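Scroll down for the structure; my scribbles are underneath it.
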Amino acid sequence: MAQSDVVIGIDLGTSYSCVAIVQDGQPVVLPNEWGERTHASVVSFMEDGRIMVGNDAKRRLLTHPRQTIYSAKRLIGRYFFSPEVKKAKAVAPYEIVEGPNHAVRLKVLGEVLSLPQVSALVLKEMREVAEAYLGHPVSKAVLTVPAYFNDNQRQATADAGRIAGLDVLRIINEPTAAALSYGFGQNLNQRVVVYDLGGGTFDVSILEIGQDTFEVLATAGDTYLGGDDIDMRLLDYFADMFMSQTQINLRNDVNALQRLRDVAEETKKAFSQKKKVKVQVPEVYTDPQGQVHNFETVVDHDTFAKLTMDLVQRTFKVCDEAFQSAGMSVHDIDAVILVGGPTRLPLVRDSARHYFGREPSTEVDPDEVVALGAAIEGASLLDDNASAFLLDVTPLTLRLGTVGGYSEQIIPKNSPVPIDRTRTFTTSRDGQERVLIRIFQGESNRIEQNEMLGEFAFAGFRVAPRGEVQIEVTFEIDANGIVNVSARDPETGQSASTTVTLSSGLTESEIQGAAARVQGAELV
Amino acid sequence: MPDAGVAPELAAEIEILAMQLDGLSYYQVLRVDPRASAGQVRAAYHQLSRQYHPDRYFHLAECPFKQHIYRISKRITEAYVVLREPGSRAQYDQQLGASQGARVRYTEESAQAQKKAKEEVTGKTEKGRKSYQQGLAEVKKQNFPAAERAFKMALVFEPENELFKKALADAQSKIKVDYTVK
């Protein structure tokens, strides 16, 4: 295989990322020089301009919390006013600020950064891991996103790929990638459910695998539910306990809070193996009088379950939704695939076993399967004998804003992609030169309960009395799940110019500027 | 050569199919009988997806062939989406029969939604609409008892019409009653 034909598959996770390729027909994860196979999606900025990414950067969370960005994926492609951003602002030690058009920006060491720029640094690190392993440059990649990501989040991820200088061949959904890795080359005829509980997001997809065809029947998810939330519950538990013991609120101390977060994550992970976890945080706080406080406790499994059970239960509500959309029940399923670090927890595994009524498959590694699937898709795309066909769906209903704050459905959720729909619009004023439409994604008739994707202006058609000009607008969702809008005059066949006048995304010049900075940055 | 890497026979076949596409019914697109079962529709979708999936030709440079494939695959998906749901399939069959095959693409929900909205404003039945309009005319004249009778009449024809119910309630609330019955 020519070097230029190597496609890396990158699982860009909330907490950890992973990179894989297909080598001699086999998908393999590429480790870094220390043998690490997954890499913390953490970016730490240093005063001298150098940037650290990965597991080393994660260690700096404790020492440099204000300039070390974690869980950027929870913010990417969101509006500043969204409840998720408010939640993140309440707990993040780094500074979250508002950018143009209600976008989210981060302020680190006086510099304002976009979320795609931060994610691009993680992608750059993954690319460098692959290049170091292979000994030659790579540029082509397949990226994965949560299946329930909306168009804004997908666009922002695609922007991150461009900023990192990658030629992103395709963006695929994480559960679909997992199913691909599970079923590729196995000649299966099965219905499978992928339960993907990651660091920040939860997805469930129901697929029908027919040999080389992977058809997603339905998908559902929650883009703000994951291992991070489990950590938060433990953190709150510790902080409350410390408060009742000492009357000191550790939430007001960035460094102490970061220590607790770290300990909370370790405690959660320990529950994958243990029934009881001893927690020790020496010198967690030094009070103004110079007295040093330690924190110690023991968490048993019952307490852990009590603290987090409602989060786990939420995932099964989402599963109910997916089964309902697919018109199926758990009895129609042949296999259950668990993906994501938190699925290592007995609490999650046992609940999943109970809900699905069967033993989950143990054939896949929950941390690596998504990257492996992305690598398989990449290799398949460049192969002129493509060996796997993904028939994925759009997770959310595409809507058009109409009068009085209402919206009208254009493409229903769980429609296979790529797909398009055409609507005809008529001018409502004499001599009208421009038609403005707003599009949304979501499941409510009311526009404010949906995510706004953008405002599109069409111009360049005939100017005539009202009602005489028709504009045919085509709404397309491509194989990446990304929405494209185009318009034409059906009479003349001439296409109208389309401008996005409002969107949370980056402008072309912002992407170019960020690309120059990211690609020139030195990662240590 | 614009379609590098494609066998000439295949290129010709795809070009013809792309040209014919707008004249084909969804059944013709999926190459199934109009009486095909849901299972047969899905099997056809899988079979054709293998053949016309754009990813199959992803490795080719941008060319008219690729654009044709993309259009064909999107139409295959559209056909599958409409035919897999019994509701939309029945509506499509009706539309196809009524237009004698002249309109082969599923009419957007928009048209139906607009029709429904219009029905809600003016009524579904001729008699209901007429009584409702009469009631509105009486409201204008401040003759609320007459309006009440007209709206009640409208509801005889369309007992479920929320608009009529609301108009009736409004008219009734305006009627001044100066006696009570014991």
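The values are calculated or read from the model by the stated rules, or taken from the named source; none is laboratory data. Remember, predicted model here, so these are calculated numbers, not experimental data. Every residue, glycine as well, gets a Cβ built from its backbone with ideal geometry; the counts of neighbours run over all protein chains shown.
Quick one: is residue A:152 part of a helix (DSSP H, G or I), farther than 25 Å from residue A:392 by Cα and out of contact with any helix residue (DSSP H, G or I) (no Cβ under 8 Å at 6 or more places or on another chain)? Don't jump to the end; show me each part of the working.
Details: part of a helix (DSSP H, G or I): yes; farther than 25 Å from residue A:392 by Cα: no; out of contact with any helix residue (DSSP H, G or I) (no Cβ under 8 Å at 6 or more places or on another chain): yes.
So residue A:152 does not fit the description; no.
Scan region A:203-250 residue by residue and report those that are assigned to a helix (DSSP H, G or I) and small (Gly, Ala, Ser). Full working, then the answer.
Of all residues in region A:203-250, those assigned to a helix (DSSP H, G or I) come to A:227-246, A:250.
A:227, A:239, A:244, listed by residue number.
I'd like the full set of residues that are of a type in the set (S, T, N, Q) and touching a strand residue (DSSP E or B) at 6+ places or on another chain (Cβ under 7 Å), limited to region A:16-31.
Of everything in region A:16-31, just one residue is of a type in the set (S, T, N, Q) and touching a strand residue (DSSP E or B) at 6+ places or on another chain (Cβ under 7 Å), namely A:17.
Give me a count of the residues in region A:214-261 that are hydrophobic (A, V, I, L, M, F, W, C) and within 14 Å of chain B (Cβ to nearest Cβ).
Adding up the residues that qualify gives 4.
Of everything in region A:417-463, what is within 11 Å of chain B (Cβ to nearest Cβ), more than 24 Å from the chain's Cα centre (by Cα) and under 30 Å from residue B:68 (Cβ atoms)? Give them in sequence order.
Initial filter on region A:417-463 (within 11 Å of chain B (Cβ to nearest Cβ)): A:417-425, A:445.
In the following step, the residues that additionally are more than 24 Å from the chain's Cα centre (by Cα) were identified as A:420-425, A:445.
Answer for region A:417-463, where residues must be within 11 Å of chain B (Cβ to nearest Cβ), more than 24 Å from the chain's Cα centre (by Cα) and under 30 Å from residue B:68 (Cβ atoms): A:420, A:421, A:422, A:423, A:424, A:425.
Yes/no per residue for (1) over 22 Å from residue A:341 (Cβ atoms); (2) buried (at least 24 other Cβ atoms within 10 Å of the Cβ); (3) not assigned by TED's automatic domain parsing to the domain that holds residue A:343:
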site	(1), (2), (3)
A:162	yes, no, no
A:173	no, yes, no
A:177	no, yes, no
A:186	yes, no, no
A:192	no, no, no
A:198	no, yes, no
A:201	no, yes, no
A:205	no, yes, no
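Of the residues A:326, A:379, A:371, only one is surrounded by 20 or more Cβ atoms within 10 Å (Cβ to Cβ), touching a Cys at 6+ places or on another chain (Cβ under 6 Å) and at negative phi; which? Can you show your working first?
Values: A:326 fails: touching a Cys at 6+ places or on another chain (Cβ under 6 Å); A:379 fails: touching a Cys at 6+ places or on another chain (Cβ under 6 Å).
Matching residue, one of A:326, A:379, A:371: A:371.
What's the number of the only condition in (1) part of a loop (DSSP other than H, G, I, E, B); (2) more than 8 Å from every other protein chain (Cβ to nearest Cβ) that residue B:66 fails to meet?
Status for residue B:66: all satisfied but (1).
Need a quick list: strands (runs of 3 or more DSSP E) entirely within region A:398-510 having at least 1 residues that are of a type in the set (Ser, Thr, Tyr). Show your work before the answer.
Values: elements: A:398-401, A:407-411, A:419-426, A:434-441, A:451-459, A:470-477, A:483-488, A:495-502.
Hits in region A:398-510: A:407-411, A:419-426, A:470-477, A:483-488, A:495-502.
Within the set of pairs 6+ apart or on separate chains, which have a first residue in region A:419-443 that is over 11 Å from residue A:398 (Cβ atoms), a second that is among the acidic types (Asp, Glu) and at pLDDT 85 or above, and C-beta atoms under 6 Å apart?
Hits for this filter: A:422/A:472; A:424/A:472; A:438/A:455.
Which pairs do you get when a residue that is in the same structural domain as residue A:89 (by TED's automatic domain parsing), found in region A:61-73, comes within reach of a residue that is part of a loop (DSSP other than H, G, I, E, B) and among the aromatic types (Phe, Trp, Tyr), reach meaning Cβ atoms under 6 angstrom, with the pair 6+ apart or on two chains?
A:66/A:94; A:69/A:94
Determine whether residue A:213 is out of contact with any Gly (no Cβ under 8 Å at 6 or more places or on another chain), crowded, with 22+ Cβ neighbours inside 10 Å and farther than 22 Å from residue A:396 by Cα. Full working, then the answer.
Values: out of contact with any Gly (no Cβ under 8 Å at 6 or more places or on another chain): yes; crowded, with 22+ Cβ neighbours inside 10 Å: no; farther than 22 Å from residue A:396 by Cα: yes.
Against the criterion (out of contact with any Gly (no Cβ under 8 Å at 6 or more places or on another chain), crowded, with 22+ Cβ neighbours inside 10 Å and farther than 22 Å from residue A:396 by Cα), residue A:213 does not qualify.
Let's see how each residue does on (1) within 14 Å of another protein chain (Cβ to nearest Cβ); (2) closer than 23 Å to residue B:72 by Cβ:
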{"residue": "A:415", "(1), (2)": "yes, yes"}
{"residue": "A:485", "(1), (2)": "no, yes"}
{"residue": "A:499", "(1), (2)": "no, no"}
{"residue": "A:509", "(1), (2)": "no, no"}
{"residue": "A:514", "(1), (2)": "no, no"}
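Please work out if residue B:59 is surrounded by 13 or more Cβ atoms within 10 Å (Cβ to Cβ), facing chain A (nearest Cβ under 10 Å), of a type outside the set (A, V, I, L, M) and assigned to a loop (DSSP other than H, G, I, E, B).
So residue B:59 fits the description; yes.
How many of the residues making up region B:20-55 are in contact (Cβ under 8 Å) with a residue 12 or more places away in the chain, of a type in the set (Lys, Arg) and within 12 Å of chain A (Cβ to nearest Cβ)?
1
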